[in-house]
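The values are calculated or read from the model by the stated rules, or taken from the named source; none is laboratory data. The structure displayed is predicted, hence computed values, not measured ones. Cβ placement follows ideal geometry from the backbone for every residue including glycine, while neighbour counts extend to all protein chains displayed. To get the accessible areas, we keep the full protein, side chains included, count just its heavy atoms, and leave off ligands, DNA and RNA. Shrake-Rupley method; radii C 1.70, N 1.55, O 1.52, S 1.80 Å.
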Amino acid sequence: MNNKRIVLFIILVFGLSSPAFAKTISCLPKTEMGEAIGDSHIYERDETLNIKNLSGFDFEKLTVTSAEGNVNKIVKIEDNIYKSEGGKFTYYFITNDKKTIMTELSVDNIAAYVKVLFCK
């Protein structure tokens, strides 16, 4: 395990239990798939829930932080349904009441994409 992963793991274990991070929900993708017009497709299943794919949701501040570190605004459509705002693509997030399982999906003119995330 490299140093960046060790630091991220320590932040997650100790930092997420502190009040400063109490509003952020961390999510790891379990399954990701998509299809595009033509021959382009994606299908991945992460058996190990790789920490490098961690994303964060703050449902009070209405922000999502991608695995790459990009922060985007989200808007609440109704209970447990949110939509990204201002990015290159529009994503919809549907979650259960406890916010422990979430789907992320996007559909545009040439592609459809869905991801299943486990959150804590």
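Taking the numbered list (1) farther than 13 Å from S26 by Cα; (2) free of Cβ contacts under 8 Å to residues at least 12 places away in the same chain in turn, T63 passes all entries but (1). Among the residues that make up segment 92-104, is at least one of them over 11 Å from the mean Cα position of the chain (by Cα), closer than 15 Å to T24 by Cβ and either in contact (Cβ under 8 Å) with a residue 60 or more places away in the chain or open to solvent by 40 Å² or more (accessible area, probe 1.4 Å) (or both)? The answer is yes, given that some residue of segment 92-104 is over 11 Å from the mean Cα position of the chain (by Cα), closer than 15 Å to T24 by Cβ and either in contact (Cβ under 8 Å) with a residue 60 or more places away in the chain or open to solvent by 40 Å² or more (accessible area, probe 1.4 Å) (or both). Take the residues in segment 43-88 that are closer than 18 Å to V116 by Cβ and open to solvent by 90 Å² or more (accessible area, probe 1.4 Å), then tell me which one is nearest to the chain's Cα centre (by Cα). The extreme case among them is K52.
Is it the case that D39 is part of a loop (DSSP other than H, G, I, E, B), at pLDDT 95 or above and open to solvent by 40 Å² or more (accessible area, probe 1.4 Å)? No, not satisfied. Considering (1) modelled with pLDDT under 95; (2) in contact with an Asp or Glu (Cβ under 7 Å, 6 or more places away or on another chain), the lone condition that V75 does not fulfil carries the number (1).
For segment 56-103, residues that are in a loop (DSSP other than H, G, I, E, B), closer than 19 Å to G34 by Cβ and of a type in the set (V, I, T) total 1.
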